[in-house]
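Derivation of every value follows stated rules applied to the coordinates shown; laboratory data play no part. All values derive from a computational prediction rather than experimental measurement. Here the Cβ positions follow ideal geometry from the backbone for every residue, glycine too, while neighbour counts run over all protein chains shown.
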Amino acid sequence: MLRTPITLITGPLGSGKTTLLRHILATQPGKIAIVMNEFGEIAIDTKVFEGKNVRIAELGGGCVCCSLLGEFEAAVNEIIEKVSPERIVVETTGLAEPEALVFDIQEALSQCRLDGVVSVIDADMLIRFPEVGHTTGLQIEGADILLLNKIDLIEAAQIEPLETKLREINPTAAIVRTERCRIDPELLFGIGRERKTARLEHLHEHQFESFAFTSRKIFARNCFEDFANGLPASVVRAKGFIRFADGGRLFNFVAGRWELEPFESDRIELVFIGKNIAAEKEAIVRAINQCAAK
């Protein structure tokens, strides 16, 4: 039986995993099925891929390496049955530890084989916040390929020390420097390394919380840009769709840095992710509502 290859894309919140997926879809021919499971109430990432001739399995708001292992298996089997993709690419949440999912693919999905684990690392974040947390360490350690992404945001002299730091955690992975995750997708596929993995008990970084904001109003761009610049430090990630008078935009915010790019949507849908941000929710919602065009 020809087994369907599965590639896992992992990495911290905001490192560029979705950017990498969009790049793969834009440059890689063939039938690719995407399995996504972003952390948040609204599956913002899923909507980015609508209409791209790719079948997307949406698992909801949990983490694919925890309680949804059974659901993940069912989703993969259904994709294979209905779509017969040439390969499956799984984007884990930024809070996911990949080893449990690696184990599950190898032990429970007889129709599939693990092709490889690609971990996207935000070079700029690693410079600004050099301490590698428990989950990020596991994401680096478990990778076959490490994409050191956003190198255009740091000094050239800072790159090699970062690579040394990554090699100390994972001496065998290939390290590829990227800007906006631009890489030849052929480098990501066909790794095919068999892994021996014991099922691991693991911990979530439970201090991360999320909430969603939706609206059908048109927002004032200048006001929204001031809002983005003023988001509290507790917000480490925000993403989604925003509507201005001149059209829709895709909003991406990572630890104080943000960007807007054209993307049509008929409503505003934003997800905010951070450490203990429930206490900030009321103030954030009040501030963004003030940007509704009068």
Margin query: Quick one: 3J(HN,Hα) in Hz for segment 133-141, Karplus 6.51/-1.76/1.60 with θ = phi - 60°, rounded, Gly and Pro as x.
Written below: x, 4, 5, 4, x, 5, 5, 6, 4
Notebook entry, point to check: Given 0.36 nm per residue, what is the gain on full extension from Arg216 to Arg167 after removing their alpha carbon distance, in nm?
Noted result: 12.9 nm
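Give the calculated FRET efficiency between Leu153 and Val83 to the nearest 0.05, with a Förster radius of 41 Å applied to their Cβ-Cβ distance.
On the way: r = 37 Å, r/R0 = 0.90.
The computed FRET efficiency comes out at 0.65.
Can you tell me the dipole magnitude for segment 249-294 around its Cα centre, using point charges on the Cβ only (Lys, Arg +1; Asp, Glu -1), in Debye to the nearest 20? Please report the intermediate quantities before stating the final value.
Working: 7 positive and 7 negative charges, 45 e Å.
In debye, rounded to 20, segment 249-294 gives about 220.
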Item checked: Where GluC sites (Glu not before Pro) fall in DSSP loop in segment 108-199, at most 10 other Cβ within 10 Å -> Glu131, Glu155, Glu194
